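Have a look at the structure below before the remarks.
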Amino acid sequence: MVMAGVLAGCGSDDDGGTLTAYVYGDDAVKIQEAAVKEFNKTSKVKVKLIPVPGTEYVNKLRSAMGSPSAPDIFYNWGAGSIKPYRDAGQLVDLTSAVKNDAVLKDGFLPSIVEAGSLDGKIYGVPMRGMQPVMLFYNKTLFAENKVEVPKTWEDLQKAITTFKSKGITPFALGGSDKWPELMWMEYLLDRIGGPDVFRKIQNGDRSAWGDPAVLKAAQTVRQLVDDGAFGKNFNSVDYGNGGAPTLLNKGKAAMHLMGSWEYSTQLGKAPKFAEEDLGWANFPTVAGGVGDPADVVGNPTNYWSINSRTKYKDEAIAFLKTMASKSYAQALVDNGDVPTTSNAASMLSGSPNPQFATDQYEMVQKAPSFTLSWDQALESKYATPLLTQISKLFAGKSTPEQFVAAMKAVK
Amino acid sequence: MPHVSSYTKVRGGRKAAAGNVGRPPVAWALPGIVFFALFAIVPLAIAVYLSFCHWDGLNSPTSVGTANWTRLFKDPEFRQAAWLSLLLTTISWAFQTPVALLLGVWAAGRQRSRAVLSAVFFVPLLLSTTAIAMLFHALLDPNFGVIKEIGPWFGIDPNVLGSSTGALLTVAFVGGWQFMPFHTLIYQGGTRQIPQVLYQAAEIDGAGMFRQFFHITLPQLRNTITTSSVLMIVGSLTYFDTVLIMTKGGPGTDTTVLPYLMYRTGFQTYDLGYAAAIATALVVVATALSLILVRFSGFGNMRSTREGM
């Protein structure tokens, strides 16, 4: 310990030292920047925020964590996304820190904290808004064609038939990016087989891919594709470059299954559409399915985790505590996000769109289960082949049976 | 010690003075050899070493013997990727060579208009691959891109990047569009090296333009064709950025060529040992193809193209 102290003292100036923090570099970074500024006013150890461009985030974090210049604090998706780091002994176990601290213990919705945990141990503190996947739709198109917002699978099929007959693509889908296709599998499996099927897979039971519900979900996907629910060219449409969102706001597609960030995406691309024409709903029920129609999939939120090699563990935890503060939650609300703090409900009236924020909050709060996006819940060694197989299934390059077999075979 | 070094210096100097002019001692190549070793040989050796390990990038690599290699030979995805890489290379070669050759021969003329046009043709090479890929990606957007408007005139379904053949052909086309100017330049240079007397003699003998092309230009460009082809093959085999940006290996895995499979395995699945095996296999294939080409074209013997001159 003395040696460590001496070493830590080497080369540092008379200030208290620096904590580096990697964060996903998008528009929301400004909220973390403000929080860091606030924290640094009173702390001797300063936090230095490093925003990493979104597409490079996972790669850069991975290379940094394997090198001597790893960040002290880093943004992540919890669960499978941090498992390799946990297994390599690179994460600070925050369980006792959270349980023994009133601010951290009562500050966040328990289900959200749990969703980011691994084997019952807490490695992350929530730091951004909740991102459930919702069914977005174009209100004008629904009104003009006298279609009801689908609540059941029957409604959905009727809507598909009607919109197709009018030359409107029923669902926008950014198939070129692959992960938007995954959202369909996530919801279908939940509605058909309930959340436990995927929970087994997430807990390492590879044979659970053989559950009949997985096959049924994959068959349903094929049926949707064959019925033309996503149009003919979804394989060359993407989400990242705005292909799919534009289809929705230009009235070329009627619906879009997407994370709650679709709202801010639309607000940025077509503000008038976002404010007047954009509707949202829960994913419909599927006939014969055992899943609760109130279940939600998506990203519960993002988390900060602490690198076990940090020299300033206590200061890092002190910084993480500020995520539970009212002012931080307020900043999230002002940005259109729904915070996962336990006091969030009372603040949502101040949101740019209180209705959207409240609906989203209630949807998550009432959900019996919140399944983390599969590509984050699973380690990358399973998630990458999963995305490849999903893409093959949607593109008609493999059958539902082949999909199941391929997923069972991933080692 | 100082004595020894000064002695060798003197000896070296005397030796160089003793009629070895134009053939500098090995020492001159040292910087080149060091750089090549540092940036080519050492990484390659590390890749070969890693191909016998399991490594997730976080923990230390652990030896797994030949497991990655046995997996490689059984892996249907690797087989598909290897096939796609060869297909892409063949298409690229067959598409780029005739066009670049004809353009290069044409551009070798000395008229002013040709110089201007040649400069214009050269522009794609100056753009970054990323910029080009993004440009074509936007043009080929099936709902909002140019392809939606003009595709149907030529009977092309706008879903180009979403169809297996379309996506692969697009990747080959975009690569060709970018690199053809470079090969044109090589052919232009090669053509200008052909002695004018050959053409003058041919004209006296009454040979027309086509005969001159097939009996003088083409044979004289033999070595240039080999050079260009080797570069083209190695380039197409390592084709990556366009795939990453335009198709992400899709639809399904239909444009997952070897370098992309390597990237996916290494930097998305973090199975760096297996990715190293794929990379090593790629090096072997590229080297083998180049050697075969060089051998069968007679380029290796450096047979003169100026026989009788």
May I ask for the accessible area buried between chains A and B, both sides summed, probe 1.4 Å, to the nearest 100 Å²? 2400 Å²
Roll a 1.4 Å probe over the protein chains and send me the accessible area per residue for region B:75-301 in Å². 47 Å²
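Could you list, in their original order, any pairs among A:LYS121/A:LYS381; A:LYS30/A:LYS139; A:LYS121/A:LYS216; A:LYS83/A:LYS326; A:LYS200/A:LYS326; A:LYS250/A:LYS397 whose Cα atoms are separated by more than 27 Å?
Flagged as over cut-off: A:LYS30/A:LYS139; A:LYS121/A:LYS216; A:LYS83/A:LYS326; A:LYS200/A:LYS326; A:LYS250/A:LYS397.
Which value, in debye to the nearest 20, gives the size of the charge dipole of chain A about its Cα centre, when Lys and Arg are +1 and Asp and Glu are -1 at the Cβ? Mind showing how you got there, number by number?
Working: 43 positive and 44 negative charges, 134 e Å.
The dipole magnitude comes to about 640 debye.
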Per-residue HN-Hα couplings for region B:152-160 [Karplus 6.51, -1.76, 1.60; θ = phi - 60°; Hz; x = Gly/Pro]: x, 4, 9, x, 9, 6, x, 6, 4
Give me the tail of P(r) for region B:75-301 as a percent: Cα-Cα pairs with distance above 20 Å. 66 percent
Roughly how many Å² of A:TRP179 are accessible to a 1.4 Å probe, to the nearest 10? 80 Å²
Gyration tensor (alpha-carbon) shape descriptor, region B:155-236, a/c threshold 1.5: prolate
Would you mind telling me the share, in percent, of accessible area of region B:75-301 contributed by carbon and sulfur at probe 1.4 angstrom? 71 percent
Counting only residues 5 or more apart in sequence or on a different chain, those whose built amide H sits under 5 Å from that of A:THR371 are A:VAL296, A:VAL297, A:GLY298
Excluding ligands, DNA and RNA, what is the solvent-accessible area per residue of region A:267-411 at a probe of 1.4 Å, expressed in Å²? 39 Å²
Please give the net charge around A:PRO126, taking every other residue with its beta carbon less than 15 angstrom from that of A:PRO126, where Lys and Arg add +1 and Asp and Glu add -1. 0
How much of the accessible area of chain A, in percent, comes from carbon and sulfur atoms when a 1.4 Å probe is used? 52 percent
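Considering only DSSP beta bridges with both partners in the protein assembly as shown, what is the antiparallel share in %, to the nearest 5?
Taking every DSSP beta bridge within the protein assembly as shown, about 60 percent pair in antiparallel fashion.
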Interchain or long-range residues, amide H under 5 Å from A:THR152's placed H: A:THR285
Candidate lysines for bridging to A:LYS158, where Cα separation is under 16 Å - those fewer than 8 sequence places away on the same chain excluded: A:LYS146, A:LYS166
Which residues qualify? For A:ALA254, with a placed amide H closer than 5 Å and at least 5 residues away or on another chain, they are A:THR169, A:PHE171, A:ALA172
Whole-Hz ³J(HN,Hα) for each residue in region B:119-135, computed from phi via Karplus 6.51 cos²θ - 1.76 cosθ + 1.60 with θ = phi - 60°, x for glycine and proline: what do you get? 5, 5, 4, 6, 3, x, 5, 7, 7, 6, 4, 4, 4, 5, 4, 5, 4
Have a look at the DSSP beta bridges in chain A and tell me what percent are antiparallel, nearest 5. 55 percent
With Kirkwood's inverse mean 1/r over C-alpha pairs for Rh, give me the Rg to Rh ratio of region A:246-365, two decimals please. 1.06
Name the residues of region A:192-236 whose accessible area, probed at 1.4 Å, falls by at least 40 Å² once all protein chains are in place instead of their chain on its own? A:ASN233, A:ASN235, A:SER236
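To the nearest whole number, what is the average tally of beta carbon atoms from other chains within 10 Å of the beta carbons of peptide B:50-59? Could you put the intermediate results ahead of the total?
Working: counts 0, 0, 0, 0, 0, 1, 8, 8, 10, 6.
Rounded to a whole number, the mean comes out at 3.
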The ³J(HN,Hα) series, computed from each phi in region B:223-236 with the Karplus coefficients 6.51, -1.76 and 1.60 at θ = phi - 60°, rounded to the nearest Hz and given as x for glycine or proline, is 5, 5, 4, 4, 4, 4, 5, 4, 4, 5, 5, 4, x, 5
Just reorder A:PHE403, B:PHE52 by solvent-accessible area, largest first, 1.4 Å probe, all chains present. B:PHE52, A:PHE403
Within 9 Å, Cβ to Cβ, of A:ALA28, how many net charges do the neighbouring residues add up to if Lys/Arg are +1 and Asp/Glu are -1? -1
Among residues of region A:59-77, a drop of 10 Å² or more in 1.4 Å probe accessible area, assembly relative to the chain on its own, occurs for A:ASN59, A:ARG62, A:GLY66
Checking the cross-link filter: which lysines have an alpha carbon closer than 17 Å to that of A:LYS44, excluding same-chain neighbours under 8 positions apart? A:LYS311, A:LYS313, A:LYS321
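Taking only DSSP H segments of four or more residues, each worth -39500 (n - 2.57), what value at 222 nm results for the protein assembly as shown once the sum is divided by all its residues, to the nearest 500 deg cm²/dmol?
-16500 deg cm²/dmol
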Per-q log10 I(q)/I(0), the protein assembly as shown, q = 0.06, 0.10, 0.11 Å⁻¹ (Debye; single scatterer per alpha-carbon; no solvent): -0.47, -1.09, -1.24
Which parts of region B:227-252, residue by residue, lose 20 Å² or more of accessible area when the rest of the protein chains are there, as against the chain isolated (1.4 Å probe)? B:LYS248, B:PRO251, B:GLY252
Once you wrap a convex hull around the alpha carbon atoms of chain A, what is its projected area averaged over all directions, in nm²? 20.0 nm²
Which GluC sites (Glu not before Pro) does region A:165-274 hold that lie in a coil by DSSP with at most 15 other beta carbons within 10 Å? none
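The values are calculated or read from the model by the stated rules, or taken from the named source; none is laboratory data. What you are looking at is a predicted structure, and each value in this text was computed from that prediction instead of being measured. All Cβ positions, even for glycine, are placed from backbone atoms using ideal geometry, and neighbour counts span all protein chains on display. Note: accessible area is taken over every heavy atom of the protein model, side chains too, but ligands, DNA and RNA are not part of it. Shrake-Rupley method; radii C 1.70, N 1.55, O 1.52, S 1.80 Å.
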